[in-house]
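**Student:** Take a look at the following structure, please.
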Amino acid sequence: MAASTHLSAGDIEELGEELDRLRAEVLASRGEDDARYIRRVIAAQRGLEAGGRLVMLASLLPPAWLAGTAMLTLAKILENMEIGHNVLHGQWDWMRDPQIHSTTWEWDSASPAAQWKYSHNYVHHTYTNVLGRDRDLGYSMLRVTPEQPWHPIYLAQPLYNLALAVVFEWGIALYDVEIEKAWRREKDLGETLNHLGSALMKVFRQGRKDYVVFPLLAGPAFLPVLLGNLTANISRNIWAHTIIFCGHFPGGTRTFTEEEIEGESRAEWYLRQLLGSANINGPAVLHLLSGNLSHQIEHHLFPDLPSNRYAQIAPQVRDLCERFGLPYTTGSLPRQTANVWRRILRLALPGATRPTAGETSSEPVTST
C-alpha cells in the first residue's frame, strides 16, 4: 500500500487498536437520542411521501405537480440513502424494534433487500476495492482503475455511465443477480434463476406501484402523476449514483490486489478502508440526503454504527490520519463529481496509467 509504506507492522496494529477503541465508545453510548433520530427521519420521510402523493392528485395544475414531485423525490432519497441503506446494514438492530430492523426492512428500490445485503454488506464491505473480489469496483461494466485491462468497449463508458445513473436502481437489481458468474459457471444456474426471479418480482412490484396504481388513483391526472413518479425515481437514481461514485472512485482512492490482502488482519482491513474511500464536504442537509455516505471513510470503517454518529467521529478519524501520516481524501460535491468524471473519461482510453494533474483529491489532513 504505497500511501502507507512508511508505517511499520506495529504502527498499523496501533492504528487498528485506536479505531477499535473509537468504535467501542460509540457502541457503548448508543441510546434514546439515536433512536429518536432515526424515528424522526422515518416519520419525516413518510410524511413527505404521503404529502407528495396527495398533492400530485391535483397535478393537472403545474404548481401542484412541481411541489408533489419535489416532495416525492426527497422522500425517495431519504428512504434509500439515510433509512434503507443504513437499516439494512444493521445500524439500528440494537434498538430491537421489529419495524426498524435489517431482517424485516424492505426498501423502496428495485433490488430485493436480501440480495443487496449479500452483494453490498458482505462482498463489497469485506473486499473493498480489491480487484477480482469487489464487484462494486466499476460495477462489472466500468474501468475505474488502470489495473483493469483496457477493452474497446470502455471507449463508450462515459455514455453508458450516464445511462447507468438514470436507471441506477434497476441496474443494481440486475447486477446483484450475478448473471455473469453463471455465464462463467462460477455460480449455480438454478440459484441464479431463483435470484433473477426474486429480482423480477421486486421490479414488477415497484413498477406496478409507481407507474400503474398511483397514476390510476389520480384519475384524470394519470399522465402527470406517471411523469411525476418517473421524475422522482430518475432524480433519486442520479443522486444515489453521484453520492456512491464520489465515495469510491474520485482521485485519491486506492485499489488493491488479492495478493495484498492475503492474511489481512483487522487493522490492515481498517487501513484498506481508509485508503480506498473518499468523503464529501458539505452542510448538514447534504449529509442527511446522502445517507451520511458523505462520510464514506467513516462508513467503511464502521458500517454498522448509526449513521448520525459519522459526523461526530469524523474529526477523530481525521486526527488519526494526521497522526499516522495517512491521506484523508475529501472534497466538495462538485469537486468530487468532477474528479470521478475525469477518471471515467481518462480510463475510457487505452494506456492510461496514473491520475492526470488536478485529479488527485487527497487533501492534507491539516486542511480545513
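The values are calculated or read from the model by the stated rules, or taken from the named source; none is laboratory data. Keep in mind the model is a prediction, meaning the values are calculated, not measured. So basically every Cβ, Gly included, is an ideal-geometry build from the backbone, and we count neighbours across all protein chains shown.
**Student:** Any chance the stretch 77-88 includes a residue that's touching an Asp or Glu at 6+ places or on another chain (Cβ under 6 Å) and closer than 25 Å to Ser277 by Cα?
**Tutor:** Scanning the stretch 77-88, I find at least one residue that is touching an Asp or Glu at 6+ places or on another chain (Cβ under 6 Å) and closer than 25 Å to Ser277 by Cα, so the answer is yes.
**Student:** Tally up the residues in the stretch 1-56 that are within 28 Å of Lys209 (Cβ to Cβ) and either exposed (fewer than 15 other Cβ atoms within 10 Å of the Cβ) or polar (S, T, N, Q) (or both), please.
**Tutor:** Number satisfying all stated conditions: 7.
**Student:** Another question, then. Test Arg354 against the stated conditions and say whether it is within 20 Å of Gly276 (Cβ to Cβ), basic (Lys, Arg) and at pLDDT below 95.
**Tutor:** Yes: the conditions hold for Arg354.
**Student:** Counting only residues that are touching a residue at least 60 places away in the same chain (Cβ under 8 Å) and of a type in the set (S, T, N, Q), which one in the stretch 104-120 is surrounded by the fewest Cβ atoms within 10 Å (Cβ to Cβ)?
**Tutor:** For the stretch 104-120, the residue satisfying everything is Gln115.
**Student:** Also: Counting only residues that are touching a Leu at 6+ places or on another chain (Cβ under 9 Å) and surrounded by 20 or more Cβ atoms within 10 Å (Cβ to Cβ), which one in the stretch 322-343 is farthest from Thr242 (Cα to Cα)?
**Tutor:** Leu326
**Student:** Within the stretch 1-51, track down each residue that is polar (S, T, N, Q) and in a helix (DSSP H, G or I).
**Tutor:** Of everything in the stretch 1-51, those that are polar (S, T, N, Q) and in a helix (DSSP H, G or I) turn out to be Ser4, Ser29, Gln45.
**Student:** Tell me, which helices (runs of 4 or more DSSP H) wholly within the stretch 153-213 include 3 or more residues that are within 30 Å of Leu54 (Cα to Cα) and free of Cβ contacts under 8 Å to residues at least 24 places away in the same chain?
**Tutor:** The qualifying helices (runs of 4 or more DSSP H) are 189-208.
**Student:** Need at least 1 residues that are under 30 Å from Leu216 (Cα atoms) and aromatic (Phe, Trp, Tyr) per element, so show me which helices (runs of 4 or more DSSP H) inside the stretch 53-143 make the cut, counting only ones lying wholly within it.
**Tutor:** 62-78
**Student:** Report yes if some residue within the stretch 142-153 is crowded, with 18+ Cβ neighbours inside 10 Å, out of contact with any Leu (no Cβ under 6 Å at 6 or more places or on another chain) and among the aromatic types (Phe, Trp, Tyr); otherwise report no.
**Tutor:** Checking the stretch 142-153: not a single residue is crowded, with 18+ Cβ neighbours inside 10 Å, out of contact with any Leu (no Cβ under 6 Å at 6 or more places or on another chain) and among the aromatic types (Phe, Trp, Tyr).
**Student:** Another question about this same structure. Could we say that Ser294 is within 17 Å of the chain's Cα centre (by Cα), crowded, with 23+ Cβ neighbours inside 10 Å, of a type in the set (Gly, Ala, Ser) and closer than 16 Å to Leu15 by Cβ here?
**Tutor:** For Ser294, the condition - within 17 Å of the chain's Cα centre (by Cα), crowded, with 23+ Cβ neighbours inside 10 Å, of a type in the set (Gly, Ala, Ser) and closer than 16 Å to Leu15 by Cβ - is not met.
**Student:** I'd like to know if the stretch 312-321 contains one or more residues that are assigned to a helix (DSSP H, G or I), within 16 Å of the chain's Cα centre (by Cα) and surrounded by fewer than 21 Cβ atoms within 10 Å (Cβ to Cβ).
**Tutor:** No, because not a single residue in the stretch 312-321 is assigned to a helix (DSSP H, G or I), within 16 Å of the chain's Cα centre (by Cα) and surrounded by fewer than 21 Cβ atoms within 10 Å (Cβ to Cβ).
**Student:** Restricting to the stretch 275-291, name every residue that is among the small types (Gly, Ala, Ser) and surrounded by fewer than 19 Cβ atoms within 10 Å (Cβ to Cβ).
**Tutor:** Answer for the stretch 275-291, where residues must be among the small types (Gly, Ala, Ser) and surrounded by fewer than 19 Cβ atoms within 10 Å (Cβ to Cβ): Gly282, Ala284.
**Student:** Cβ contacts < 6 Å: first residue farther than 13 Å from Arg342 by Cβ, restricted to the stretch 249-266; second residue in a loop (DSSP other than H, G, I, E, B) and hydroxyl-bearing (Ser, Thr, Tyr), any location; separation 6+ or different chain. Result?
**Tutor:** Every condition considered, the pairs that remain are Thr255/Thr145.
**Student:** Give all pairs with beta carbons closer than 9 Å in which a residue from the stretch 39-55 that is hydrophobic (A, V, I, L, M, F, W, C) meets a residue that is surrounded by fewer than 14 Cβ atoms within 10 Å (Cβ to Cβ) and modelled with pLDDT of 95 or more; count only pairs at least 6 apart in sequence or on separate chains.
**Tutor:** Sorted first by the residue in the stretch 39-55, then by its partner, the pairs are Ile42/Gln99.
**Student:** Mind listing just one residue for me: the one in the stretch 214-258 that is assigned to a helix (DSSP H, G or I) and among the small types (Gly, Ala, Ser) and, of those, surrounded by the fewest Cβ atoms within 10 Å (Cβ to Cβ)?
**Tutor:** Per the criteria, the residue is Gly219.
**Student:** Moving to a separate point now. Within the stretch 161-191, how many residues are surrounded by 15 or more Cβ atoms within 10 Å (Cβ to Cβ) and of a type outside the set (Val, Ile, Thr)?
**Tutor:** Residues that pass the stated criteria total 15.
**Student:** In this structure, does Gln91 turn out to be closer than 22 Å to Leu289 by Cβ and modelled with pLDDT of 95 or more?
**Tutor:** Criteria met by Gln91.
**Student:** Please go through (1) within 25 Å of the chain's Cα centre (by Cα); (2) at pLDDT 95 or above; (3) over 15 Å from Gly251 (Cβ atoms) for Val365 and return the number of the only condition it doesn't satisfy.
**Tutor:** (2)
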